[in-house]
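Inspection log for the structure reproduced underneath, given as structure tokens.
The values are calculated or read from the model by the stated rules, or taken from the named source; none is laboratory data. Nothing here was measured: the structure is a model prediction, and the numbers come from that model. Cβ placement follows ideal geometry from the backbone for every residue including glycine, while neighbour counts extend to all protein chains displayed.
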């Protein structure tokens, strides 16, 4: 199967294991709005306008972005870990289009306070007039693409978290050592249990769930930083975010949601089988992106890695799915690739 076969299953989530320009500044900024420098205020205004953020989203972005600048200004700050933590936070309340636009701004250096010119000579950072904001109360979380009538949003998947399983599937890709795995395993096992507890205890209160998960994510990242290097930690955080999006149905289009629902209902998959497909989807994206990057400098090595990836993904699916389920899943994926409804 082709790498894009798996890439088509999940929403766009652009990220890089390298540190973007905006994260390299040492500017010290306080979270309180009154203490923001003119440069940071300019950046926030541009993000609000270009990404079309509503007031609630703007408030969240302001806090997360300025908190990043403050933490990154500290001596010996782990910039890369902070970058991925901030990315997770941004993604939690931005839809696909907004997050994609934000990434374009980052790549263009528009979130680097040292490059902002307030005299209007810098086109990249010229403040634009924010789009008119709606008068109706803003939702707490930015909506994802609305499903069409013929492809209703599927019922929520089980309140399951399997970041530990995801880590074990990606140990080779992350070049994790046995010693690292031994230390990481209890941390991620505890994390998975706490995620389920949070979603269960605060069911129906999405705001509380998001705040509790954000706090848990931050603590977990801090626990992992002494064990994993920034590159490994970044890969794990990115993969875990993708997995959560799939499990929750966030950032998936109508056809992708229909595919997820079909696996649960028509193909009668149990929790373990559903999780195996989710793991395959995430690995296909994460490892596939790395292979595409490698192909630019070493096509031969990329071809070898591609062959290994496809073998791994097929083997994982076959190990948990019945033959009928496996055939059906492959057929549905082919339809997704052709733009057909599943």
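I'd like the full set of residues that are under 11 Å from residue 259 (Cα atoms) and surrounded by fewer than 17 Cβ atoms within 10 Å (Cβ to Cβ), limited to segment 316-329.
none
The single residue among 62, 66, 12, 56 that is under 28 Å from residue 248 (Cβ atoms), modelled with pLDDT of 60 or more, out of contact with any strand residue (DSSP E or B) (no Cβ under 6 Å at 6 or more places or on another chain) and surrounded by fewer than 20 Cβ atoms within 10 Å (Cβ to Cβ) turns out to be 56.
Filter segment 69-85 down to the residues that are modelled with pLDDT of 85 or more and not in a helix (DSSP H, G or I) and list them by number.
The answer is none; no residue qualifies.
For residue 177, the requirement of being within 23 Å of residue 280 (Cβ to Cβ), surrounded by fewer than 20 Cβ atoms within 10 Å (Cβ to Cβ), out of contact with any helix residue (DSSP H, G or I) (no Cβ under 6 Å at 6 or more places or on another chain) and without any contact (Cβ under 8 Å) to a residue 24 or more places away in the chain is not met. Given the options 255, 268, name the one that is surrounded by fewer than 18 Cβ atoms within 10 Å (Cβ to Cβ), out of contact with any helix residue (DSSP H, G or I) (no Cβ under 6 Å at 6 or more places or on another chain) and at pLDDT 80 or above. Sole residue among the options that is surrounded by fewer than 18 Cβ atoms within 10 Å (Cβ to Cβ), out of contact with any helix residue (DSSP H, G or I) (no Cβ under 6 Å at 6 or more places or on another chain) and at pLDDT 80 or above: 268.
Provide a single number: the residues in segment 302-336 that are in contact with a helix residue (DSSP H, G or I) (Cβ under 6 Å, 6 or more places away or on another chain) and under 18 Å from residue 286 (Cα atoms). Qualifying residue count for the region: 8.
One residue stands out in segment 214-264 among those that are assigned to a helix (DSSP H, G or I) and without any contact (Cβ under 8 Å) to a residue 40 or more places away in the chain: the one that is farthest from residue 173 (Cα to Cα), namely 215. Checking each residue of segment 209-225 against the condition of being over 20 Å from the mean Cα position of the chain (by Cα), in the same structural domain as residue 244 (by TED's automatic domain parsing), under 26 Å from residue 94 (Cβ atoms) and surrounded by 12 or more Cβ atoms within 10 Å (Cβ to Cβ) gives no match.
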